[in-house]
Amino acid sequence: MRDAVAIRGVVDADFAQWLPLWDGYNRFYGRSGATALPVAITRTTWSRFLDDAEPVHALVAESQGTLLGLAHYLFHRSTTRIEPTCYLQDLYVDDGARGLGIGASLIATAHARAQENGAARLYWQTHETNTVARALYDKLAQRTGFIVYAQGI
């Protein structure tokens with residue numbers, strides 16, 4: 001029997017366990033070593049999660065005092081809706097905890113938080129090569145067909 005997993009918002013005391021998950025997420029997307037995010041970005045991101053005035057939020061999956069996954073989401077305005085929109089920016093589950101439904105639970109909780117805050121939509125993106133995540137996402141949401149472009153500034 002697997003242990004119960006709780007999905008909850010982060011608290012300041014979670015930082016030491018959140019950081020390795022954050023680093024794992026960033027490593028997956030090629031941000032490690034010479035290309036790692038600056039420490040200032042990580043510290044600022046963390047402080048935003050704890051600031052009620054910020055639109056950026058963090059969830060963690062916890063079992064028996066150990067953090068197993070994270071989800072970061074933010075609210076923003078849209079030109080096509082009156083209600084806020086919720087963007088699930090980051091989702092990561094520790095390698096050893098994959099396949100247990102934690103990713104789906106994190107998404108479901110982000111969806112519930114979006115609904116509670118009056119959002120009309122929850123959306124996210126992933127890299128086209130992330131086939132494992134895409135298999136989950138295809139079960140949970142509609143693929144919109146949009147292609148993302150970006151320019152550095």
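Give me the percent of the accessible area of the chain that comes from carbon and sulfur atoms, probe 1.4 Å, all protein chains in place.
Carbon and sulfur: 52 percent of the exposed surface of the chain.
Classify the chain from the C-alpha gyration tensor, please: rounded if a/c falls under 1.5, else prolate or oblate depending on whether a/b exceeds b/c.
The shape class here is rounded.
Exactly which trypsin sites (Lys or Arg not before Pro) in the stretch 1-104 are in a DSSP loop and have at most 16 other Cβ atoms within 10 Å?
For trypsin sites (Lys or Arg not before Pro) across the stretch 1-104 that sit outside H, G, I, E and B with at most 16 neighbouring Cβ atoms in 10 Å, the list reads Arg2, Arg31, Arg77, Arg81, Arg98.
Whole number in Å², please: accessible area per residue of the stretch 50-153, 1.4 Å probe, ligands, DNA and RNA not counted.
65
Counting other Cβ atoms within 10 Å, keep those with at most 11, restrict to DSSP loop, and tell me which trypsin sites (Lys or Arg not before Pro) in the stretch 102-153 are left.
Those satisfying the criteria are Arg143.
Whole-Hz ³J(HN,Hα) for each residue in the stretch 90-99, computed from phi via Karplus 6.51 cos²θ - 1.76 cosθ + 1.60 with θ = phi - 60°, x for glycine and proline: what do you get?
3J(HN,Hα) across the stretch 90-99, in whole Hz: 9, 9, 8, 10, 3, 3, x, 10, 6, x.
The values are calculated or read from the model by the stated rules, or taken from the named source; none is laboratory data. Please read all numbers here as calculations on a predicted model, not as lab measurements. Don't worry about glycine lacking a Cβ; one is built from the backbone with ideal geometry, like all the others, and counts go over all protein chains shown. Quick note on the areas: whole protein, heavy atoms, side chains included, nothing else; ligands and nucleic acids left out. Shrake-Rupley method; radii C 1.70, N 1.55, O 1.52, S 1.80 Å.
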